[in-house]
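Trainee: Sharing a structure below in structure tokens format, with a few things to ask.
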Amino acid sequence: MIEETAITKNLVCKTPAFRLLPLGFCAGCHYGIIFRLIDEVLEEMELKGITVCIGGGGCSAMGAMAMDVDAFGGPHGPGTAIASALKRVCPDNFIFAIQGDGEQGAIGLGSFVAAAVRGENITIITMNNACYGMTGGQLAPTTPLGMVTPTTPEGRDQEMAGFPFHGPELVAPLRGVAYAARGTVHTPANRQRSKKMVKTAFQKQLQRLGFAVVEFICACPTNWRLSPVDCARYIEEKMIPEFPLGEFKNVEKNEG
Amino acid sequence: MEKIDKGFRVIFAGLGGHGALVFGELLTEAVARRYNYASFVPNYAPSMRGGESESIVVASNEEIDSPASFEAEAVVATSPSAFRLAEKRVSPGGILIVDDSIICEKAERKDIKVFYIPARKIASEEGNPLISNFILMGAYLEATKTLPVEIVEETLESTSKGTSRERLLSANKRALHEGIRLIANYSQQPL
Amino acid sequence: MTERILHTGNDTVARAAISAGCKHYFAYPITPQSEIAHYMARELPKIGGCFLQSEGEYAAAYMLLGAALSGERVMTSTSSPGLALMQEPLSMMVTAEIPAVVVETQRLGPGTGTGGQQGQTDYRFVTRGVYGGLHYPVLAPYSVSEIFEFVQLAFHIADKYRILTMVLTDFVLGRMTEYLELKTFDFGPLPEKDWALKGKAHKGGRSNFLFTVTGMMLDITGFFQGQQEKSKRIIDSETRWETYKTEDADFLIVSYGYSARMSKGAVNTARAQGIKAGLFRPITLWPFPREALQQEALKAGKVLVVEDSPGELVEDVELAVQGRVPVHFLGIQARHIARAEGLILPERILQEVRELL
């Protein structure tokens, strides 16, 4: 499938069956870890044959491009609307959308909340890297207060740009939502917790319980201008206090 | 547009709530029972209520080229603001029916036949101003003889069945005949 | 004999879509075509289809895209301001070659307030509206019967060429009632939808990735080469028009949609008065029947474009005749009243013809 290199030769676990390798992510970016994690869950749950993945714009689009499942990629923001319709037309397929934080909290906020309100039986994976990674690290809805970005040169100020956006917490109270959680992959333990979250979220769709969303806090070393190790520290010290980890909702069975 | 022998055109020019659309729908259904072709173009102001509201119905045994036109052989007018225009839209020798309980002006043209019918007033006295368009329909049928009233009554029965209009059926039919009576007795009335 | 029923244009859109095998419809209410949604909401659940009222037109068109990924026949409908909101998803569908049908019941101008009123001010918008340098076919019916046929034809063209296809109507056509013949149509064979996303298990384990033009695309020029060839195939095979009494005409009216219907009456009255007028009606607005129009225009020697707008179709007509015949224009100022309820009526068209003789 892919050429063996010094890196691939020494891997402790097998390379995922990606359509596109190597992934074009920056060094230290967490996206690759997360996409691999999702790929593992799809594999373990034997969902790949019936899966359609809807990718967004920006860096998160590469996940849809890479995973060896049917996928559509490109539009920035409306992934939940696309996934909603496809799931309704093909209820026996497994449909999930990958969204950036800007897609979910800004340009696609309407579609995200509307799909949650309708209780669409789809799964959303959100990539929260606190900025617009591909366009140059500008202010995202999830940028922490004080963080310097090209469009908040003095740091995010609530007077000007409001407070950080919390997607899972926002939709958790809605009756159509079956699962809402947030994880990270910046430590092995967190990676394992987050994998369980993805598994649980996918389960909700198979059980037809409604809308499920898992947000990942991800490092963006390039735009944060930090080393990968310092990124992990930033996540501990700045991101997690703002964006608490854990499950905000977990509906076990249909309310009827 | 000029083929009276092959069919006819009628315009109802009213205001929202005067029943122009029901007039048009009902007449079109009735026309379809008699002619090879029927068309109905409603034309009304943006909102659901109020504003100018117009219906153009065409009956023909040939394919209808234009389902709307400026002129028609008969015009029913209930809108004061559109009255002067409505008068102009009657073809020479045609018929203008005016609800003079709404429109105070009088027609100026001498080459058309004009009937003044206080439809709205009569309908209100009957306790239901909403049936005024049926009085005007009866008047139109009697003045133009374009369709026998039975066809319209049959259509009304079949289209009302199972709808909220069903309980108004007898009132609507009475209104049709009231309109017919008003025109039948019209020549005896002083102008 | 084929069954004939009285039907409104809007109801006919919905009925035709269902006849074409479309079971899924996504839309947001907007006057003057919400009746299509009412019909679909009532009928689609009965046939196991999906009706979904979206959170806006932008989302409706993205839902259309999402549902179309399955390879099923899907449709949305809207009116002018709604179509403006749909342009991004629709452009993406054209580029990503995801077929579906959009019905646009055009109304006058942008914004609210004119809602529900007639007008033909979207010609340029629908024929040149997408970004990305590509086109989609636009069919313009002028009667309820044609709406029935063209909506079904639109699904066929969409599937045949893997392209978004539009049917353009207007307030008058959408709201008018007339006889409809419930004919069945056979437009010919269609290719397999091997591109559809239904899970790779459907395709023997081979996964599909559909996308738009992106930085990841390795052969941009090749992509456009393919698209240009596809456009040419559509132009060669799908360009449609109709002529009415043009054989001996020395005056040619060019019009589409409701104003073509009014022009037809004008042609007949003109003929009755000894004026040899004829009507040329483009049925596909893209591809535009340039050559056919040029021939008819040269034959007649005089052209009058009638459209309820400040002048949009007239641009394509001028391009087609290439200055070889004078092109006159009768537009929105020719309405019988200046208000929103104004229409360009046959008598006014005839008057213009007489003045230009």
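Trainee: ³J(HN,Hα) across the range A:63-75 via Karplus (A = 6.51, B = -1.76, C = 1.60, θ = phi - 60°), whole Hz, x for Gly/Pro?
Mentor: 3J(HN,Hα) across the range A:63-75, in whole Hz: x, 5, 5, 7, 5, 7, 9, 4, 8, 10, x, x, x.
Trainee: Okay, next question. Only counting other Cβ atoms within 10 Å, I'd like C:V321, C:V167 sorted with the fewest neighbours first. List each step's numbers first, then the result.
Mentor: Numbers: C:V321 21, C:V167 27.
By the 10 Å Cβ count, ascending, the order reads C:V321, C:V167.
Trainee: Which one, C:V172, C:H336, A:N129, projects farthest toward the positive side of the charge dipole computed for the protein assembly as shown from Cβ point charges (K/R +1, D/E -1)?
Mentor: Projecting each Cα onto the dipole axis, the largest value belongs to A:N129.
Trainee: At a temperature of 37 °C and a viscosity of 0.692 mPa s, determine how fast chain A diffuses translationally according to Stokes-Einstein, using the Kirkwood radius over alpha-carbon pairs as Rh; express D in µm²/s, rounded to the nearest whole number. Please report the intermediate quantities before stating the final value.
Mentor: On the way: Rh = 18.2 Å.
Answer from the Stokes-Einstein relation: 180 µm²/s.
Trainee: Per residue of A:114-124, count partner chain C-beta atoms within 10 Å of its C-beta, then hand back the mean as an integer.
Mentor: Working: counts 4, 4, 0, 1, 4, 0, 1, 0, 1, 0, 0.
The per-residue average across the peptide is 1.
Trainee: Averaging sequence separations of C-alpha pairs under 8 Å and six or more residues apart, then dividing by the length of chain B, give the relative contact order as a whole percent.
Mentor: Working: 375 pairs, mean separation 35.4, N = 191.
With pairs under 8 Å counted, the relative contact order is 19 percent.
Trainee: Before anything else, pin down the relative contact order of the range C:62-109: Cα pairs under 8 Å, at least 6 apart, normalised by residue count, whole percent.
Mentor: Numbers: 47 pairs, mean separation 24.9, N = 48.
For the range C:62-109, the relative contact order is 52 percent.
Trainee: Given Cβ point charges of +1 (Lys, Arg) and -1 (Asp, Glu) and nothing else, what value in debye, to the nearest 20, does the dipole of the range C:4-181 about its Cα centre take? Can you show the working numbers first?
Mentor: Working: 12 positive and 16 negative charges, 22 e Å.
With Lys and Arg at +1 and Asp and Glu at -1, about 100 debye.
Trainee: Per DSSP H run of n ≥ 4, the term is -39500 (n - 2.57); total these for chain A, divide by its residue number, and report the mean residue ellipticity at 222 nm rounded to 500 deg cm²/dmol. List each step's numbers first, then the result.
Mentor: On the way: 10 runs with 84 residues, N = 256.
Theoretical 222 nm ellipticity from helices: -9000 deg cm²/dmol.
Trainee: Could you go through the range C:129-143 in sequence order and give the Karplus-derived ³J(HN,Hα) for each residue, using 6.51 cos²θ - 1.76 cosθ + 1.60 with θ = phi - 60°, rounded to whole Hz, and x for Gly and Pro?
Mentor: Per residue, the Karplus-derived 3J(HN,Hα) values read x, 7, 8, x, x, 10, 10, 10, x, 10, 9, 10, x, 10, 8 Hz.
Trainee: A further question follows. Out of residues 5 or more away from C:F187 or on other chains, whose amide H comes under 5 Å of its own, with H placed 1.01 Å from N in the peptide plane?
Mentor: Amide H neighbours of C:F187: none.
Trainee: State the Cα centre-to-centre distance between the range A:149-226 and the range A:76-131 in whole Å.
Mentor: 13 Å
Trainee: How big is D, in µm² s⁻¹, for chain C by Stokes-Einstein at 4 °C and 1.567 mPa s if Rh is the Kirkwood radius over C-alpha pairs? Provide the component values of the computation, followed by the final result.
Mentor: On the way: Rh = 21.0 Å.
Translational diffusion coefficient: 62 µm²/s.
Trainee: Comparing B:Y116, B:Y140, B:Y35, which has the greatest mean-square fluctuation in the GNM of chain B with Cα pairs linked when under 10 Å apart?
Mentor: B:Y35
Trainee: Can I ask one more? Hey, can you grab everything whose amide H is under 5 Å from the amide H of B:F70? Only 5+ residues off in sequence or another chain; H modelled, so Pro and N-termini drop out.
Mentor: So B:F70 has HN proximity to C:E347.
Trainee: Let me make sure I get this right: for the range C:106-257, a, b and c are the square roots of the gyration tensor eigenvalues over alpha carbons, sorted descending. Under 1.5 in a/c it's rounded, otherwise prolate if a/b > b/c, else oblate. Which is it?
Mentor: Numbers: a/c = 1.81, a/b = 1.67, b/c = 1.08.
Verdict is prolate for the range C:106-257.
Trainee: Straight distance only, please: which aspartates and glutamates reach the Cα of C:K232 with their own Cα at less than 16 Å, same-chain residues fewer than 8 apart left out?
Mentor: The qualifying aspartates and glutamates are C:E97, C:E291.
Trainee: I'd like the antiparallel share, as a percent to the nearest 5, of DSSP beta bridges with both residues in chain A. The partial results should precede the final answer.
Mentor: Numbers: 8 of 33 bridges.
For chain A, the DSSP antiparallel bridge percentage is about 25.
Trainee: Then there's this: Please compute, for peptide A:44-50, the average count of beta-carbon atoms on other protein chains lying within 10 Å of each residue's beta-carbon.
Mentor: 3
Trainee: Additional query: Return a single number: how many Lys pairs in the range B:7-186, at a sequence separation of 8 or more or on separate chains, have alpha-carbon atoms below 23 angstrom apart.
Mentor: 11
Trainee: Taking 7 Å along the Cα-to-C-beta vector as the label spot, tell me the A:C26-B:E153 distance in nanometres, rounded to one decimal.
Mentor: Rounded to a tenth, the inter-label distance reads 8.5 nm.
Trainee: Right, here's the next one. Give me the net charge of A:E46's neighbourhood, meaning all other residues with Cβ under 15 Å from the Cβ of A:E46; Lys, Arg count +1, Asp, Glu -1. Display every interim value, and only then the final one.
Mentor: Numbers: positive: A:K48, A:K199, C:K200; negative: A:D39, A:E40, A:E43, A:E44, A:D68, A:D92.
Combined, the nearby Lys, Arg, Asp and Glu give -3.
Trainee: Grab the Cα-Cα distance for A:V148 and A:Q192, subtract it from 0.36 nm times how many residues apart they are, and report the gain in nm with one decimal. Present the calculation step by step, with values, prior to reporting the outcome.
Mentor: Numbers: separation 44, 0.36 × 44 = 15.84 nm, distance 3.10 nm.
Length gained between A:V148 and A:Q192: 12.7 nm.
Trainee: If the viscosity is 1.567 mPa s and the temperature 4 °C, what translational diffusion coefficient in µm²/s does Stokes-Einstein give for the range C:4-181 when Rh comes from Kirkwood over Cα pairs? Spell out each step's value before the answer.
Mentor: Working: Rh = 15.5 Å.
My calculation gives 83 µm²/s for D.
Trainee: Only bridges whose two residues both fall in the protein assembly as shown count here: according to DSSP, what percent of them are antiparallel, nearest 5? Don't skip to the answer; put the middle values down first.
Mentor: Details: 38 of 110 bridges.
Roughly 35 percent of the DSSP beta bridges within the protein assembly as shown come out antiparallel.
Trainee: Give me the lysines in straight-line cross-link reach of C:K23: C-alpha distance below 28 Å, same-chain residues under 8 apart excluded.
Mentor: Here the lysines satisfying the reach criterion relative to C:K23 are A:K48, A:K87, A:K204, C:K46, C:K160, C:K183, C:K193, C:K198, C:K200, C:K203, C:K230.
Trainee: In whole Hz, with x marking every Gly and Pro, tabulate ³J(HN,Hα) for the range B:95-102 from phi via Karplus 6.51 cos²θ - 1.76 cosθ + 1.60, θ = phi - 60°.
Mentor: Taking θ as phi minus 60°, the curve returns 10, 10, 10, 10, 7, 7, 7, 10 Hz for the range B:95-102.
Trainee: What is the order of A:M239, C:M217, fewest Cβ neighbours within 10 Å to most? Kindly include the intermediate steps, with their values, before the conclusion.
Mentor: Numbers: A:M239 24, C:M217 11.
Least crowded to most crowded, the residues run C:M217, A:M239.
Trainee: With charges only on Cβ, +1 for K and R and -1 for D and E, what is the dipole size of the protein assembly as shown about its Cα centre, in debye, rounded to 20?
Mentor: Numbers: 81 positive and 91 negative charges, 184 e Å.
In debye, rounded to 20, the protein assembly as shown gives about 880.
Trainee: Of the candidates C:W195, C:W286, C:W241, which one comes out as most mobile in a Gaussian network treatment of chain C with C-alpha springs shorter than 10 Å?
Mentor: Residue with maximal mean-square fluctuation among C:W195, C:W286, C:W241: C:W195.
Trainee: I need the semi-axes of the equivalent ellipsoid of the protein assembly as shown: take the C-alpha gyration tensor, multiply each eigenvalue by 5, square-root it, list largest first in whole angstrom. It would help to have the intermediate numbers written out before the result.
Mentor: Working: eigenvalues 700, 179, 103 Å².
So the three semi-axes of the protein assembly as shown are 59, 30, 23 Å.
Trainee: How big is the range B:7-186 by Rg and Dmax over its Cα atoms, in Å?
Mentor: 14.9, 45
Trainee: Normalised by the empirical 2.2 N^0.38 Å for globular proteins, what value does the Cα Rg of the range A:111-256 take? Could you put the intermediate results ahead of the total?
Mentor: Numbers: Rg = 15.9 Å, N = 146, 2.2 N^0.38 = 14.6 Å.
Cα-based Rg divided by the globular estimate yields 1.09.
Trainee: Divide, for the range C:232-273, the radius of gyration over alpha carbons by 2.2 N^0.38 Å, where N is the residue count.
Mentor: 1.44
Trainee: Write down the percent of antiparallel bridges among all DSSP beta bridges whose residues are both part of chain C, to the nearest 5.
Mentor: Numbers: 11 of 41 bridges.
In chain C, approximately 25 percent of DSSP beta bridges are antiparallel ones.
Trainee: Over chain C, what relative contact order in percent results from Cα pairs under 8 Å that are six or more residues apart?
Mentor: Value for chain C: 16 percent.
Trainee: Just flag the GluC sites (Glu not before Pro) in the range A:194-256 sitting in loop per DSSP whose Cβ has no more than 15 other Cβ atoms within 10 Å.
Mentor: On the way: sites: A:E215, A:E236, A:E237, A:E242, A:E247, A:E252, A:E255; in loops: A:E252, A:E255.
Those that pass, being in a loop and sparsely packed, are A:E252, A:E255.
Trainee: Sticking with this one: Where a ≥ b ≥ c are the square roots of the eigenvalues of the C-alpha gyration tensor, would you call the range C:243-356 rounded, which needs a/c under 1.5, or, failing that, prolate if a/b is larger than b/c, or oblate? Spell out each step's value before the answer.
Mentor: Numbers: a/c = 1.72, a/b = 1.18, b/c = 1.46.
It comes out oblate by the Cα gyration axes.
Trainee: While we're on this one: Going by amide H atoms built from the backbone, whose H comes under 5 Å of the H on B:S53, apart from near neighbours?
Mentor: For B:S53, the qualifying residues are B:G14, B:L15, B:G16.
Laboratory data are not the source of any read-out in this text; all were calculated from the coordinates shown. None of the values given here were measured: they were computed from a predicted structure. With ideal geometry, Cβ positions are generated from the backbone for all residues, glycine too; neighbour counts draw on all protein chains shown.
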